[in-house]
Structure formats: structure tokens, C-alpha cells
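Step one of this worksheet: look at the structure below.
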Amino acid sequence: MNGNKWWKNAVIYQIYPRSFADSNQDGIGDLQGIISRLDYLENLGVDAVWLSPVCKSPQDDNGYDISDYQDIDPMFGTLEDMEELIREAGKHNIRIIMDLVLNHSSDEHHWFQEAKKSRENPYHDYYVWRDGVEGTPPNNMRAAFGGSAWEWVPELQQYYFHQFSVKQPDLNWENPKLRQEIYDMINWWIDKGVGGFRLDVIDQIAKEPDKGITNNGPYLHEYLRELSRETFQKADLVTVGEAWGATTELAKLYSNPDNSELSMVFQFEHICLDQMEGKEKWDLAPLPFLKLKEVFARWQRELYGKGWNSLFWNNHDLPRIVSRWGNDGKYRIESAKMFAILLHGMQGTPYIYQGEELGMTNAVYEIEEYRDIETLNLYQERLEKGFKKEDVMDSIHAKSRDNARTPMQWDDGENGGFTQGKPWIKVNPNYKEINALKQIEDGDSIFNCYKELIHFRKKYPVFIEGDFSLLLAEDENIFAYTREDKDTLLLVVCNFYNKTVECPLEESVASMKLLISNYDKEKEQMLLRPYEARMYLKEK
Ligand code: GLC
Ligand code: CA
């Protein structure tokens, strides 16, 4: 049972290593850079750090294309640096969570190099192949980064399947030998002392391309239970699967308290709300606020006692929340804190993506400044289809993954203190205004708001096990809810918009203590100012 698991009251911080801190001034963040910032992370109060992939990789998809799962990419350092990071982080009471990319490898992985030598090669069946004739792929499935999901290999007269780029061939989980190799590799990392794993696109491993199935294939949970049994269950780890196709029903399987699969999943129902129905994320639509509340409330309610939620607004694939659904101008600070207070009161394990704790914003760049394979392919594809450049750029400014990937803003020095070299991607020019150094010193900063929230989550058990109820479900501006256990009542009330509204909860809050808010605590209690957020507590 996972009743008292450490990760239930943990807060996890995501680092995108190439953009976090550069120790050797080559313009790319690295492991020694992370080690040099452990004090910062301890000060914030996080319990674990999830590192986006640092294994050896040709970097076609910034490390999500791994060519050696048991070595570190020289760009980030060495295996010794990784061991040092695990050790040093431990001294700061921080566990290191690795990113496992198990749906596909790089085409430069030796398995694939072997696999494409001949149909008889022992590694051939580690990947997904179909016979065919050149120019006529087995079916019309598309890859996530554009183009067909099938790539022709003339020497073999076969196609291989890739759900992402051509340099990310899908692994064949039907092959028990491949699965065993994966388990051995994971156990090797567990022995090195990692604190857990984030599992990249885990719901896509059981694909069945002949049936057009990408995620949630029929054998998915069978594979996951075997994986968990052979690896994770041997240690006290946190495991979180990325599952774009998760529903609450599926999430209860993944995060079953019997510990048979994973600790929790990242689900994306809330994240996908601001796009046109049945279209892509680039096809922008306004956020349906009532629906957002309904989605959160349903996940909170349905997993209560039966599974476990992850809580997040941001990651390396998503735009910055303060620019996305908040206000990155006049009310940047207020709205960034509102998102923090709103999320951290809920049940689940919160994830903070680097720079979120500073209210870092989206980047609005010319196309030349973008580096992400998805963004660059999308740009080409849409222009070829006849979209107006202006509209394509609007989509990119709103949704490009590079919004989250600009370098961490440490101080107001050159390149925001990220590097003295030439950064691999342009630093957001607002670093003079938005940076860590400034916020650590300012008791009222977004950073210190996150820090306090982390502290409260550890202090009051109601954050961990309290039952959730949505209030004012039909209110067009306010997101409010309670959490309750036998001793304590917690109330969170947030004005989600840029206008002053009446707060219909005055009576309930009269007897409660204001724990944290994003405005001067004394004034205008009857109204909620733009993006005003308050968290109240009452001991019963
Ligand atoms: C996941 C990662 C993303 C990557 C993709 C393919 O969605 O988060 O960054 O491009 O998987 O590995
Ligand atoms: Ca470097």
C-alpha cells in the first residue's frame, strides 16, 4: 500500500537541464550548473527534482531521443557528475528523478543501428517494422512532429514506425527481450540512488499501428504492472507517467494505491481546454472557465482515496501559465501567485517548472530564434498549407514549447546569469525585471509565495488528505473550493480575471484565519481585486 508514501506531501521541481544553469560557459546548461544551484532549491523547499533527459542523445528532440540509456550526454557532463548530483542533492534532502523515455529510442542507439542491418538481426524486433513498397506506407498515421509515422528503409524493404520524429523510432514492447533490457537498465539507475522516474509518453508504449492505436493499447496496463514489479517496487520511489490519453478511470488504474503500476500520472484534460475541439493545440480557443473548474473538481473527487493526482500548470512542453491564462503585464505578480495558491491547495503532488516560481513569461520571438523541432516543423507545414504567416506566429507565440525553454533568469547580469557564453536559445529580455536574485530578497515576491505554500503543505495534514469540494461552480469569475478533514477546514478563493468582483463567501470566511494571499491583507475584504487569491484555514 502507498498510504504514507513520502511523495504524497512532496513538492517536485522540474529542471530542463539545458536551460537551467551553465557551469562551463558553452551556452548550454549542465549537471555541474544544477549542483551549483542546490542551495536555491533547498531554500525554495522542494523535496525532489525531476530532470528532463540527460542521457546520451543526438538531441534531435532535446534529449527525448536517447542513444545510450546508461551514459550522460557530454553536453551535460559525465556519469560521475550525475553520481555527484545524486549525492549532493541528497545532502540538501532533495531526491533526483530521472526522465525515462521508453516509447522510443534514438535512431543512433546501437539497438537501432543493429536492427536496420537485416531482418534476421537479433535487435530487429526491438522496433516496429512493416513490409511494404516504397511510397506506399502501411497506413496514413501521422507523426506528432509532422509527416508520416512510417519511414522507409530501402535496405530492408520495410518501414519502421515512429510516433515522434524520424530519429525517434518506436520500441516494440511486445518483445520480452526488449522489456528485460529496459528493466535491467532501470534497476541499474535505481542502484545509483535515484529517487524516482518520470515516464515519457508512457501511455503510447502499447501501440498497435495496424489498428491505428497509439495510446491506451490493450496491453498497456499489463506492461506497466510487469515493469513496476520488475523495477520500481523494489525501492521507495516516486513514479509519474505522462499520459495524454488518461481519463479519471484510467488514472485510478495507473495510480492504484496497491502500488501495482505507478505513483501517479500527468493528465492533460485541463491543459487541452484552450484549443478548438477536434483540432490541434495551435488552433487557439478561449479558455472555458466553468469547464476548467469542472475538470479539476472531477479529478479531485474521483481520485480521492482511489488514486493520486499530480498538480501542474507548466512543463517543458507547455507555455508559461502566467502568460497563458493569467496576465503577464500589469498583474503579472498577482496572477502568478493566484495560480500558485489555486493549485497548491488541491490534493496531489504539485510540480513546479523552473522559473514558474519567478513568474517567468512566454517568449515572443521571431521565427529565427526558435529551436524546437515541433515548432519549426509546424511553421513549415502550415506555411506550405497556405496559412498566413501572421496567424502561424500567433499560434507559436501562444503555444510553442520554447516558451518554457528559454534560460532560467537568475539575476540581472548578462544573459540573466544563465551563461557568460552564447546561450543555445535567446534569453527572455525581461530578465532585468524578472529574476531569482531580486525575488529571493523580496519577502512579497512570487518566489516567497511558493516557498510559503510549500511550507504550509508540510505543516497542515489537510493539504494531503483533506476532502475536496468545489464552491460557486457556476460563478463566471471565481474559482473557490474547500478541503476538509476531521480537524481542519481550508478554503481557497481566487478571482481568475482582471476585474474586481464581489466575494460571495464573506460569511464563511469571517471565522477563518487568512493563511496567505496575494494582496495587502488588511484592505477591501468585501471585494476580490484583479486576480486576488486568498487561502483561509480554520481549526475545528
Ligand atoms: C513527451 C515529452 C516531449 C517529447 C515527447 C517525445 O511528450 O515531454 O518533450 O518531445 O514526449 O519524447
Ligand atoms: Ca555547459
(request) Rounded to the nearest Å, what's the spacing between the alpha carbon centres of segment 53-97 and segment 7-39? Just the number, please. (result) 10 Å
(request) Please list, in chain and number order, the residues 5+ apart from Ile213 or on another chain whose amide H is under 5 Å from its amide H, with Hs placed from the backbone. (result) Glu208
(request) Provide Rg over Rh for segment 246-307; use the alpha carbon set for both Rg and the Kirkwood Rh (inverse mean inverse pair distance). (result) 1.06
(request) May I ask which residue of Val153, Leu491, Val54 lies farthest towards the positive end of the charge dipole of the chain, with charges of +1 (Lys, Arg) and -1 (Asp, Glu) on Cβ and the Cα centre as origin? (result) Leu491
(request) Post the alpha-carbon centroid distance, segment 142-221 to segment 414-436, in whole angstrom. (result) 36 Å
(message) When only alpha-carbon atoms are used, what values of Rg and Dmax, in angstrom, describe segment 133-279?
(response) 16.9, 49
(request) Please express the shape of segment 110-161 as an equivalent ellipsoid: the semi-axes are the square roots of 5 times the eigenvalues of the C-alpha gyration tensor, given largest first in whole angstrom. (result) 20, 13, 8
(request) Kindly work out what percent of the DSSP beta bridges joining two residues of segment 136-252 are antiparallel, to the nearest 5. (result) 60 percent
(request) Using Cα pairs closer than 8 Å and at least 6 residues apart in sequence, work out the relative contact order for the chain, in percent. (result) 13 percent
(message) At a 10 angstrom cut-off on C-beta neighbours, averaged per residue, how do the peptides 491-502, 95-106 rank from highest to lowest?
(response) 95-106, 491-502
(request) Give the residues of segment 282-325 whose amide nitrogen is closer than 19 Å to a point set 7 Å from the Cα of Asp391 in the direction of its Cβ. (result) 282-287
(message) Whole percent per 5 Å bin, from 0 to the bin with the longest distance: what is P(r) over all C-alpha pairs of segment 464-539?
(response) 3, 16, 29, 27, 16, 8, 2, 0
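Ranking request for peptides 8-14, 287-293: highest mean number of other beta-carbon atoms within 10 Å first, then the rest in descending order.
Working: 8-14: 21.9, 287-293: 14.9.
The packing order, highest mean first, is 8-14, 287-293.
In what sequence, highest mean first, do 159-166, 326-333 appear when ranked by Cβ atoms within 10 angstrom?
Values: 159-166: 22.9, 326-333: 18.0.
Order by mean packing, descending: 159-166, 326-333.
What translational D, rounded to a whole number of µm²/s, comes out for segment 75-120 from Stokes-Einstein when the hydrodynamic radius is the Kirkwood one over Cα pairs, at 25 °C and 0.890 mPa s? Can you show the working numbers first?
Working: Rh = 13.5 Å.
Roughly 182 µm²/s, to the nearest whole number.
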(request) Using the 2.2 N^0.38 Å rule of thumb for compact globular proteins, work out how segment 391-526 stacks up: its C-alpha Rg over that value, please. (result) 1.38
(request) Using the Kirkwood radius over Cα pairs, work out the Stokes-Einstein diffusion coefficient for the chain at 4 °C and 1.567 mPa s, in µm²/s as a whole number. (result) 54 µm²/s
(message) Quick check on segment 287-439: what are the equivalent-ellipsoid semi-axes from the Cα gyration tensor, as sqrt(5λ), descending, whole Å?
(response) 28, 22, 14
(request) With only Lys, Arg, Asp and Glu charged, each at its Cβ (+1 for the first two, -1 for the last two), find how big the charge dipole of the chain is about the Cα centre; round to the nearest 20 debye. (result) 1220 debye
(message) Of Pro429, Leu303, Pro137, which is farthest towards the positive pole of the chain's charge dipole, taken about the Cα centre with +1 and -1 on the beta-carbons of Lys, Arg and Asp, Glu respectively?
(response) Leu303
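Values quoted throughout were computed directly from the atomic coordinates according to the rules given, and no laboratory measurement underlies them. None of these values were measured; they are calculated from a predicted model. No Cβ is skipped: glycine too gets one built from the backbone with ideal geometry, and neighbour counts run over all protein chains shown.
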